[in-house]
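The values are calculated or read from the model by the stated rules, or taken from the named source; none is laboratory data. What you see is a predicted model; the values in this text were computed from it and never measured. As a convention, Cβ positions derive from the backbone with ideal geometry for all residues, glycine included, and neighbour counts pool all protein chains shown.
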Ligand SMILES: [Fe+2]
Ligand SMILES: [Fe+2]
């Protein structure tokens, strides 16, 4: 595999682990406020991101490429309300979508067909991730900031993402 492409895949491992860390930070915000449905949602997101990281790790190994891990950065913020977190979640997923498109573009420019094929699942996944993040914001706005109990209960009962 071309080094430029392999390097981008290695960096993506870090970005997926960073995603897991960000969602863990979100989990802590909601768990501390007894919004257990919101907390559950972000715990699931965090676990999914670790699985994404494994996807990239396994693919690199399958292709006989090395995997080098680097520190996971986190800039914990004092979020002012849940909506700020929901918006940060969407912005982060858009950043990840951009990153994956960038790898795909580089793979295509280098005729790396296996990488392009591998990335297709992640491109589809990002459509789902952005859709979920946008729906979450819409539902939050429908409920309103003073009426989160029902939304939280609904998330707690949600079996879709278990
Ligand atoms: Fe991811
Ligand atoms: Fe994600």
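For segment 140-162, does any single residue satisfy the condition of being under 16 Å from residue 51 (Cβ atoms) and within 14 Å of ligand 1 (Cβ to nearest atom)?
The answer is yes; a qualifying residue exists.
Among the residues in segment 45-64, are any closer than 25 Å to residue 143 by Cα and either at pLDDT 95 or above or not in a helix (DSSP H, G or I) (or both)?
From segment 45-64, those closer than 25 Å to residue 143 by Cα are 45-46; that's our starting set.
Next, only the ones that are either at pLDDT 95 or above or not in a helix (DSSP H, G or I) (or both) stay: 45-46.
Yes, segment 45-64 contains a residue that is closer than 25 Å to residue 143 by Cα and either at pLDDT 95 or above or not in a helix (DSSP H, G or I) (or both).
Identify, from the list 86, 74, the residue that is modelled with pLDDT under 95 and either under 16 Å from the mean Cα position of the chain (by Cα) or outside any loop (DSSP other than H, G, I, E, B) (or both). Give the derivation first.
Numbers: 86 fails: modelled with pLDDT under 95.
Step by step, each of 86, 74 is checked, and only 74 is modelled with pLDDT under 95 and either under 16 Å from the mean Cα position of the chain (by Cα) or outside any loop (DSSP other than H, G, I, E, B) (or both).
Pick from 31, 20, 88, 39: which is within 12 Å of ligand 2 (Cβ to nearest atom) and under 30 Å from residue 152 (Cα atoms)?
Only one candidate qualifies: 20.
Determine which member of the set 84, 93, 114, 73 is under 22 Å from residue 50 (Cβ atoms) and surrounded by fewer than 16 Cβ atoms within 10 Å (Cβ to Cβ).
The match here is 73.
Failed condition for residue 33, given (1) under 17 Å from the mean Cα position of the chain (by Cα); (2) in a loop (DSSP other than H, G, I, E, B), with all others met?
Against the list (1) under 17 Å from the mean Cα position of the chain (by Cα); (2) in a loop (DSSP other than H, G, I, E, B), residue 33 comes up short only on (1).
Can you name the number of the only condition in (1) modelled with pLDDT of 95 or more; (2) surrounded by fewer than 16 Cβ atoms within 10 Å (Cβ to Cβ); (3) more than 13 Å from ligand 1 (Cβ to nearest atom) that residue 26 fails?
Going through the list (1) modelled with pLDDT of 95 or more; (2) surrounded by fewer than 16 Cβ atoms within 10 Å (Cβ to Cβ); (3) more than 13 Å from ligand 1 (Cβ to nearest atom), residue 26 breaks only (2).
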